[in-house]
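Where a number appears in this text, it was derived from the coordinates with a stated rule and is not lab data. Nothing here was measured: the structure is a model prediction, and the numbers come from that model.
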Ligand code: KE4
């Protein structure tokens, strides 16, 4: 029986009176899949409930932050306890030191960290730091990679901008992007040519080590190592934007998974456990450039906010604590990663069974699922994502899954996430729904 979404429709038209597009972030408006966005009223564990009371298994998880799922008791308790002691002081608290210690312990290549309030602030500040430290101006990003909405980065961004078809946004002055070079992801020759032309003036290369904003695209074997070698040879800093991949693809992020040592790392999402946080981190010699230790200015009223620190600290401590109760000494993270693999293995089996062409895979607790226009196509970059991804078919699949109680990213150019609150039952129910949905869109 079709789900009633009447209340979401009402709330959306009311929201549009007060908020541009009725939302506070474009991708939430469902332009990538059409129809009315679901207004969510509650989340608990792996589930969310919309304003009409419909329940869904959630694979968006606030776009990655909720590694433990919604309203995890330990996170809620930590927030309640801290709130009762005060929500913000604008002064140092030991919570910031504690979270920094845990982050640096999980990512041993990092020596110092600065907390900010979003991933956008993290990448914007890391690039300013790279320019301040190197004395150079140019920066390099990759088509299809998204690093937040700072002016200098809104050129051929992935994610929301790709979905909205805005290759670069109005309001971004030429001067802001004049020093931003764009290269092709997974193409070492392309960036080598760029360095040959501009090498001495490139301050930094910023990259999503696993691309999650054009759908899920893994680095080709040797690609990240190639970027590391090239940037070192030319004296440019390598910045890993691990806002999404940090503590999601592996306990030590992509840098831990593949043993790459970037000069700077951007973090966000998981380290805030659902509260607004971002961070940029790196070698002490570089981070000592940041005010007040050094001359590079960056500041924030709510940076290191006690509530966000408490939620992030509890999330990381809970996710990576050895689960001594289970025989296989698993961690909550390890369980979620196993389920992501089970999900995408299952999707590959369903693609075989139904004859629908999919490109699907997982890295740790992150996964992707492209609907391909024809069998045998392989998406390895933004150009191939735009060429091969069947966004119409994805949209039909998305709504067929909503109908069956599963909430996926409302855009083909996004990644999905599993939490430690998901279990075998959720994965089995999701695959059963996917089988029906694939048969429906195959024949429909
Ligand atoms: P925020 O400013 O949205 O906290 O972080 C920006 C950002 C930076 N770097 C990476 C790799 C990111 O994925 C993001 C933000 N991710 C999107 C999801 N594709 C956030 C969702 C949204 O824009 O509403």
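For the reader, a short list of remarks on this structure follows.
- Kirkwood-based shape ratio for segment 1-119, expressed as Rg/Rh from alpha carbons: 1.06
- Distance from the alpha carbon centroid of segment 13-67 to that of segment 230-291 works out to 29 angstrom.
- Here the Gaussian network model covers the chain, with springs between Cα atoms less than 10 Å apart; of 32, 274, 21, 21 fluctuates the most.
- Translational diffusion coefficient (Stokes-Einstein; Kirkwood radius from C-alpha pairs) of the chain at 37 °C, 0.692 mPa s, in µm²/s: 147 µm²/s
- If you run the Gaussian network model on the chain, springs between alpha carbon atoms under 10 Å, then out of 221, 26, 306 the most flexible one is 221.
- Working value for segment 73-319: equivalent-ellipsoid semi-axes of 30, 19, 18 Å, each the square root of 5 times a Cα gyration tensor eigenvalue, largest first.
- Among 185, 297, 146, the residue with the largest mean-square fluctuation in a Gaussian network model of the chain, with springs joining Cα atoms closer than 10 Å, is 297.
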